[in-house]
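Asker: Okay, here's the structure, questions in a sec.
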Amino acid sequence: MMAQQENGRLFEDTLSVMTLGSQFDEESSFGSDSEINGFTSSRQTDKYGFIGGAQQYSSESAQEVPLEVLRHREAKWLDMLNHWDKWISKRFKKVRLRCQKGIPPSLRGRAWLYLSGGKVKREQNSGKFEELDSMDGDPKWVDVIERDLHRQFPFHEMFVSRGGHGQQDLFRVLKAYTLYRPDEGYCQAQAPIAAVLLMHMPAEDAFWGLVQICEKYLPGYYSAGLEAIQLDGEILNALLKRVCPPAYRHLEKHKIEPILYMTEWFMCAFSRTLPWSSVLRVWDMFLCDGVKIMFRVGLVLLKCMLGSREKLKACPGQYETMELLRALEPRYLQEGFLIHQVLELPISARDVEREHRMQLKRWRKTHGELSYKAPPRMHGTRAIMSAEPHPRQDLRQKPTIVVQYPVPSDTKSEFARVKKRSTIRKASNPTLDIPNPYLLSLSFKEGVACPPQGGFEGAAGFGFIPTQTHLIQLIKLLQRAG
């Protein structure tokens with residue numbers, strides 16, 4: 001799997017940790033031009049942008065959504081994004097449900113930016129990324145980042161070329177973060193997080209998405225000492241005791257510490273562990289509901305791999321157990337199976353916080369106070385928006401090109417409601433004869449139809465099939481603008 005192929009070197013910090021899949025030393029040239037050039041001329045990419053079947057289980061794992069269903073979901077997400085604050089405050093359960101079903105590929109980047117609070121953060125810090133981008137980075141971090149660039153998804157179209165636009169943007173985002181948070185600097189596990197974001201959004205948006213993940217979702221994960229990830233390892237172990245006692249007893253018997261197998265899972269948000277279709281679905285839910293999704297995924301994998309007598313007989317010792325966790329069975333990683341199991345697992349944010357308080361007390365007794373004072377963890381979108389009040393204009397879309405169709409004046413959004421007898425019910429929406437709903441707000445920078453930077457999902461990379469009429473209208477608009 002990619003987890004075993006691409007992890008270039010160990011996480012470097014005050015604590016040296018051997019993580020699953022760390023098979024190549026620092027001088028490895030894996031993913032370099034000399035190796036890639038052997039097949040670039042005839043390479044084929046999958047719909048996610050991976051070359052030559054590098055994501056070997058994605059095609060079997062992915063759940064294909066019919067085009068009609070996808071279009072219907074896109075229309076719903078467009079309405080939600082245009083009335084984001086109302087949906088989060090009044091109908092968050094519906095937002096969560098739609099994230100669990102999977103965000104439409106054509107809107108995933110924009111949705112992630114809204115879910116994480118990165119959109120508001122960017123608007124409130126206008127010009128900050130450009131300022132950081134123009135500054136020289138700390139040579140200590142710049143050198144480490146440059147050596148890590150070619151190790152991030154080396155078989156993805158966006159990052160396959162040394163010095164290509166993908167690697168350049170990745171460097172810009174990571175360097176900017178070291179300047180934004182000089183006390184934290186750079187940790188190798190931040191690179192795949194930033195790379196996943198860059199596959200779906202421009203560099204500035206990816207930077208603010210990375211800031212939100214590091215500060216709100218996984219605070220302290222990338223700081224010196226890795227104390228936060230060790231603490232979460234103990235939380236995972238305690239939850240495993242409750243969810244799957246046989247697996248817990250087996251790991252305890254062989255003295256296998258959680259940090260030995262869950263570090264890469266959590267620090268890279270499973271981006272180096274799962275097939276890509278599963279990665280995207282996990283991230284959809286993770287950015288909506290927070291770190292409890294990470295714990296659920298980890299528990300599902302442990303339960304599937306170590307939850308039966310037959311499985312445990314196959315790994316009588318520590319070495320065999322680690323090898324089993326290193327080579328996760330593909331059937332457990334398939335999108336449909338994994339997402340169903342994650343949603344069925346009864347682990348809530350309250351459970352995570354309760355265990356966090358208990359494990360923190362134990363930590364203080366054995367290790368003393370944490371050396372790094374991380375900010376409180378936010379459990380998803382609603383918690384972030386509640387903790388950081390913002391004016392509505394920070395959520396407003398700012399498309400650069402808009403093609404408008406005539407819309408009847410009595411048309412209302414899905415969110416429109418009619419109050420009657422102290423109840424709220426949906427207002428009926430007239431059916432509109434519109435050739436293509438996604439051109440209502442067509443932007444090549446930030447608008448509805450802007451594809452991920454990788455641009456591999458959806459017809460023509462825009463999530464819809466443009467007709468000759470659409471193209472003619474767009475050409476006329478551009479001629480008038482020019």
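Asker: Among the residues in segment 166-183, are any closer than 21 Å to VAL282 by Cα and either in contact with a Lys or Arg (Cβ under 9 Å, 6 or more places away or on another chain) or at pLDDT 95 or above (or both)? Talk me through it step by step, then tell me what you get.
Answerer: The initial filter retains those residues of segment 166-183 that are closer than 21 Å to VAL282 by Cα, namely none.
No, there is no match, as no residue in segment 166-183 is closer than 21 Å to VAL282 by Cα and either in contact with a Lys or Arg (Cβ under 9 Å, 6 or more places away or on another chain) or at pLDDT 95 or above (or both).
Asker: Suppose the filter is modelled with pLDDT of 95 or more, basic (Lys, Arg), in a helix (DSSP H, G or I) and farther than 25 Å from ASP183 by Cβ; does ARG296 pass it? So that I can check it myself, show each step before the final result.
Answerer: Numbers: modelled with pLDDT of 95 or more: yes; basic (Lys, Arg): yes; in a helix (DSSP H, G or I): yes; farther than 25 Å from ASP183 by Cβ: yes.
Considered against the rule, which asks whether it is modelled with pLDDT of 95 or more, basic (Lys, Arg), in a helix (DSSP H, G or I) and farther than 25 Å from ASP183 by Cβ, ARG296 comes out as yes.
Asker: Can you tell me which residue within segment 302-311, out of those that are in contact with a Leu (Cβ under 9 Å, 6 or more places away or on another chain) and surrounded by fewer than 24 Cβ atoms within 10 Å (Cβ to Cβ), is farthest from PHE337 (Cα to Cα)?
Answerer: To start, the set of residues in segment 302-311 that are in contact with a Leu (Cβ under 9 Å, 6 or more places away or on another chain) comprises 302-306, 311.
Adding the requirement that they be surrounded by fewer than 24 Cβ atoms within 10 Å (Cβ to Cβ) leaves 303-306, 311.
Values: LYS303: 13, CYS304: 11, MET305: 14, LEU306: 17, LYS311: 19 Å.
Only one residue tops the list, namely LYS311.
Asker: State yes or no: is SER58 in contact with a helix residue (DSSP H, G or I) (Cβ under 9 Å, 6 or more places away or on another chain), modelled with pLDDT under 65 and surrounded by 15 or more Cβ atoms within 10 Å (Cβ to Cβ)?
Answerer: Working: in contact with a helix residue (DSSP H, G or I) (Cβ under 9 Å, 6 or more places away or on another chain): yes; modelled with pLDDT under 65: yes; surrounded by 15 or more Cβ atoms within 10 Å (Cβ to Cβ): yes.
Judged against the criteria, SER58 is a match.
Asker: Got a number for residues in segment 250-262 being within 11 Å of GLY298 (Cβ to Cβ) and outside any loop (DSSP other than H, G, I, E, B)? Break it down stepwise before answering.
Answerer: Here is the first cut: in segment 250-262, the residues within 11 Å of GLY298 (Cβ to Cβ) are 258, 261-262.
Restricting the remaining residues to those that are outside any loop (DSSP other than H, G, I, E, B) gives 261-262.
Count: 2.
Asker: Hey, any hits in segment 116-132 for a residue that's at pLDDT 90 or above, assigned to a loop (DSSP other than H, G, I, E, B), out of contact with any His (no Cβ under 9 Å at 6 or more places or on another chain) and open to solvent by less than 70 Å² (accessible area, probe 1.4 Å)? Full working, then the answer.
Answerer: To start, the set of residues in segment 116-132 that are at pLDDT 90 or above comprises 116-132.
So of that shortlist, the ones also assigned to a loop (DSSP other than H, G, I, E, B) come out as 117, 125-127.
Going one step further and asking which of them are out of contact with any His (no Cβ under 9 Å at 6 or more places or on another chain), we end up with 125-127.
Next, from what is left, pick out any that are open to solvent by less than 70 Å² (accessible area, probe 1.4 Å): 125, 127.
Yes.
Asker: Let me ask something else. Within segment 325-346, which residues are hydrophobic (A, V, I, L, M, F, W, C) and open to solvent by less than 50 Å² (accessible area, probe 1.4 Å)? Talk me through it step by step, then tell me what you get.
Answerer: Kept after step one, since they are hydrophobic (A, V, I, L, M, F, W, C), are these residues of segment 325-346: 325, 327-328, 333, 337-339, 342-343, 345.
Once the filter is applied, which keeps residues that are hydrophobic (A, V, I, L, M, F, W, C) and open to solvent by less than 50 Å² (accessible area, probe 1.4 Å), segment 325-346 yields LEU325, LEU328, LEU333, LEU338, ILE339, VAL342, LEU345.
The values are calculated or read from the model by the stated rules, or taken from the named source; none is laboratory data. Bear in mind the structure is a predicted one, so any value in this text is a computation, not a measurement. Cβ sites come from the backbone with ideal geometry, for glycine too, and all protein chains shown count toward neighbours. Protein only, heavy atoms only, side chains kept; ligands, DNA and RNA dropped before computing areas. Shrake-Rupley method; radii C 1.70, N 1.55, O 1.52, S 1.80 Å.
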